[in-house]
Amino acid sequence: MRLRIIGIVLIIVSLGVDAWLAAGLASGSRATGVALGFVLFSLPFLAVGIYFLLSAKGEIKAESKADKERAILNAVMTRGRVTIADLAIEGDLTREQVRDYIYDLIGKDLFRGYVNWDRGELVSAEAAQIKDGSCPNCGGRLELAGKGLVRCPYCGTETYLSAASSSRSASAAEAAAPLDSGSGAWGQGPASPGT
């Protein structure tokens, strides 16, 4: 975007120099002086401005790709689990484009989690850490509520998955007891506000 702005500014400067030279020609200046002024002052600004405008197309395309990948990554990380169809609709993309963006994110080591192509869904690493899927408070089935957050629909307990849980092995994570402070692998939020 910056190159595009610079290109536009240079073209405007070139047009300003052209207007100044045309005014000089109209007031009786010699045509050779005006032509020399055009070649030395106006033409370089115009050429570099056009070059920057043409270069900006690639920059805009790269920014657009980064924005789409960022939107996909944000959707997966904030929701925990998202379908490929939802990503395609939200990003105005085809399924193949979503797949290509996901592979690019995986190649850049930005996406952590898993992709189930048969079911057409992406699951964040934090959401994948829940092994038994049961509430540490009442034992009910947990539902994903966002990045590192699962909520029990029965008792309202919110369970937060910390960064420490992703570095533990599966057996250590299963053996960890729920902690009230949230300082270990599992942190338990209050069942309701004020308790």
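Taking the stated definitions as given, is Asp100 touching a helix residue (DSSP H, G or I) at 6+ places or on another chain (Cβ under 8 Å), closer than 25 Å to Ser64 by Cβ and modelled with pLDDT of 85 or more? Don't jump to the end; show me each part of the working.
Values: touching a helix residue (DSSP H, G or I) at 6+ places or on another chain (Cβ under 8 Å): no; closer than 25 Å to Ser64 by Cβ: yes; modelled with pLDDT of 85 or more: yes.
Judged against the criteria, Asp100 is not a match.
Taking the condition surrounded by 14 or more Cβ atoms within 10 Å (Cβ to Cβ), within 30 Å of Asp92 (Cα to Cα) and under 30 Å from the mean Cα position of the chain (by Cα), does Ala62 pass? Even if it seems obvious, please write down each step before you answer.
On the way: surrounded by 14 or more Cβ atoms within 10 Å (Cβ to Cβ): no; within 30 Å of Asp92 (Cα to Cα): yes; under 30 Å from the mean Cα position of the chain (by Cα): yes.
For Ala62, the condition - surrounded by 14 or more Cβ atoms within 10 Å (Cβ to Cβ), within 30 Å of Asp92 (Cα to Cα) and under 30 Å from the mean Cα position of the chain (by Cα) - is not met.
Assess whether Arg79 counts as being more than 23 Å from Leu144 (Cβ to Cβ), in contact (Cβ under 8 Å) with a residue 40 or more places away in the chain and either touching a Phe, Trp or Tyr at 6+ places or on another chain (Cβ under 8 Å) or of a type in the set (D, E, K, R) (or both).
no
Which pairs have Cβ atoms under 9 Å, sit 6 or more apart or on different chains, and link a residue in segment 28-43 that is within 12 Å of Val17 (Cβ to Cβ) to one that is modelled with pLDDT under 85?
Within 9 Å, the pairs are Val34/Gly24; Val34/Leu25; Gly37/Gly24; Gly37/Ser29.
Taking the stated definitions as given, is Ala88 farther than 22 Å from Ile6 by Cα, out of contact with any strand residue (DSSP E or B) (no Cβ under 6 Å at 6 or more places or on another chain) and not β-branched (Val, Ile, Thr)? Outline the logic, then answer.
Details: farther than 22 Å from Ile6 by Cα: yes; out of contact with any strand residue (DSSP E or B) (no Cβ under 6 Å at 6 or more places or on another chain): yes; not β-branched (Val, Ile, Thr): yes.
Considered against the rule, which asks whether it is farther than 22 Å from Ile6 by Cα, out of contact with any strand residue (DSSP E or B) (no Cβ under 6 Å at 6 or more places or on another chain) and not β-branched (Val, Ile, Thr), Ala88 comes out as yes.
Going through Ser134, Ser166, Ser162 one at a time, which residue ends up being under 17 Å from Leu73 (Cβ atoms), of a type in the set (S, T, N, Q) and at pLDDT below 80? I'd like the intermediate steps shown before the answer.
Details: Ser134 fails: under 17 Å from Leu73 (Cβ atoms); Ser162 fails: under 17 Å from Leu73 (Cβ atoms).
Only one candidate passes the filter, namely Ser166.
Suppose we keep only residues that are more than 34 Å from the chain's Cα centre (by Cα) and either within 23 Å of Ala56 (Cα to Cα) or charged (D, E, K, R) (or both) within segment 1-21. Which one would you say is surrounded by the most Cβ atoms within 10 Å (Cβ to Cβ)? Quick ask: steps written out before the conclusion?
Residues of segment 1-21 that are more than 34 Å from the chain's Cα centre (by Cα), as a first pass: 13-21.
So of that shortlist, the ones also either within 23 Å of Ala56 (Cα to Cα) or charged (D, E, K, R) (or both) come out as 13-16, 18.
Numbers: Val13: 17, Ser14: 21, Leu15: 14, Gly16: 13, Asp18: 18.
Per the stated criteria, the residue is Ser14.
Condition check ((1) surrounded by 14 or more Cβ atoms within 10 Å (Cβ to Cβ); (2) assigned to a helix (DSSP H, G or I); (3) among the polar types (S, T, N, Q); (4) touching a Cys at 6+ places or on another chain (Cβ under 9 Å)) across all residues:
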site	(1), (2), (3), (4)
Ala23	no, yes, no, no
Val39	no, yes, no, no
Ser42	yes, yes, yes, no
Ala56	yes, yes, no, no
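Scan segment 4-16 and tell me whether some residue there is in contact (Cβ under 8 Å) with a residue 40 or more places away in the chain, in a helix (DSSP H, G or I), within 30 Å of Asn116 (Cα to Cα) and not polar (S, T, N, Q). Lay out the reasoning, then the answer.
First, the residues of segment 4-16 that are in contact (Cβ under 8 Å) with a residue 40 or more places away in the chain: 4, 6-11.
Then keep just the ones that are in a helix (DSSP H, G or I); that gives 4, 6-11.
Imposing the further condition that a residue be within 30 Å of Asn116 (Cα to Cα) reduces the set to none.
No: segment 4-16 contains no residue that is in contact (Cβ under 8 Å) with a residue 40 or more places away in the chain, in a helix (DSSP H, G or I), within 30 Å of Asn116 (Cα to Cα) and not polar (S, T, N, Q).
The values are calculated or read from the model by the stated rules, or taken from the named source; none is laboratory data. Everything quoted here is computed from the prediction, not taken from an experiment. Here Cβ is always computed from backbone atoms with ideal geometry, including for glycine, and neighbour counts include all displayed protein chains.
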